[in-house]
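Just so it is clear, none of the values below were taken in a lab; they were calculated from the coordinates. Note that the coordinates shown come from a computational prediction; the quantities given were computed from them, not determined experimentally. Reconstructed Cβ throughout: ideal geometry from the backbone, glycine too, with neighbour counts over all protein chains shown.
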């Protein structure tokens, strides 16, 4: 009970315009990015069939509803992850060779070096790619996997043809075949490096691409 002559302090008046702090809801693209990164980690760690969307959501720090609202299903998430990784590699490759003043043979070397550096940081993706390839080879998810590979191969072939035409350098192979070999080299050398890094020097891919894309002999 308050002593006579004293009153309880009055609450401080609210400041004009003051409002309760509201937690920011992350933008949709931020959620998608977090879920894709989490899916790459979880699928590589547990396998696509062994991982659940609950596992992916927990890794991303969201609810399973956030995964469903952005990707619809596990198959939708896998397809989105395929497209995302293909876009990453393609964007990096185009950025590496965008300077047309650099001789084509040097651009090919630079492309290989950049892709090799990225591959060194993407072991999780390599494991996932091999699983996707095995599933597709057995007929599981074949059409989706093949559709993404064909789109990537067409984009690479277009870039190869454009750079060769600008440089006035004949290719050792037609652009579509050169793109197929390029993709096979990138995946094959990455697989070799995963199990025996000493067998794949960092500049090996660049040397081979220079031979393939420039159609010239290297010293």
- So the angle from the long Cα axis of helix 175-195 to the longest Cα principal axis of the chain, reported in degrees to the nearest 10, equals 60 degrees
- Please sort 199-209, 34-44 by packing, taking for each peptide the average over its residues of neighbouring beta carbons within 10 angstrom, highest first. 34-44, 199-209
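Pop the C-beta distance of residue 126 and residue 165 into the FRET formula with R0 = 41 Å and round what comes out to the nearest 0.05. The partial results should precede the final answer.
On the way: r = 33 Å, r/R0 = 0.80.
The value I calculate is 0.80.
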- Note on the structure: The helix 142-167 Cα axis meets the longest alpha-carbon principal axis of the chain at an angle in degrees, between 0 and 90 and rounded to 10, of 60 degrees
- Quickly work out the residue 155-to-residue 46 label distance, labels modelled 7 Å from Cα along the C-beta direction, and quote it in nm with one decimal. 2.9 nm
- Message: If I take every Cα pair under 8 Å that is 6 or more residues apart in segment 79-214, average their sequence separation and divide by the length, what percent do I get for the relative contact order?
- Response: 39 percent
- Item | Reported label for calculated semi-axes √(5λ) of the Cα gyration tensor in Å given (i) 33, 18, 16; (ii) 50, 23, 16; (iii) 23, 23, 16 | (ii)
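Report the calculated FRET efficiency for residue 134 and residue 180 (r = Cβ-Cβ distance, R0 = 22 Å), to the nearest 0.05. Working shown, then result.
Details: r = 19 Å, r/R0 = 0.88.
In this case the efficiency is close to 0.70.
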- Note on the structure: Honestly segment 115-189 on the Cα gyration tensor test (a ≥ b ≥ c root eigenvalues; a/c under 1.5 rounded, otherwise a/b vs b/c for prolate or oblate) is just oblate
- Obtain the nm distance between the two label points defined at residue 198 and residue 68 by a simple spin-label model: each point lies 7 Å from its Cα along the Cα-to-C-beta direction. 5.2 nm
- Item | Relative contact order (%) - criterion: Cα under 8 Å, at least six apart; region: segment 27-72 | 37 percent
- Message: Based only on other Cβ atoms within 10 Å, what is the fewest-to-most ordering of 128, 92, 152?
- Response: 92, 152, 128
- Full-extension gain in nm, residue 30 to residue 173, via 0.36 nm per residue minus C-alpha separation: 47.4 nm
- Message: Taking R0 as 25 Å, what FRET efficiency do you get between residue 101 and residue 187 from their Cβ-Cβ distance, rounded to the nearest 0.05?
- Response: 0.25
- So what's the angle, to the nearest 10 degrees on a 0 to 90 scale, between helix 204-214 and the longest Cα principal axis of the chain? 60 degrees
- What number, rounded to the nearest 500 deg cm²/dmol, is the helix-based mean residue ellipticity at 222 nm of the chain, given -39500 (n - 2.57) per DSSP H run of at least four residues and division by all its residues? -22500 deg cm²/dmol
- Item | Inter-part distance where segment 56-81 and segment 153-202 are each reduced to a Cα centre, Å | 32 Å
- Note on the structure: Computed over segment 27-72, the distribution of all Cα-Cα distances in 10 Å bins, rounded to whole %, is 33, 58, 9
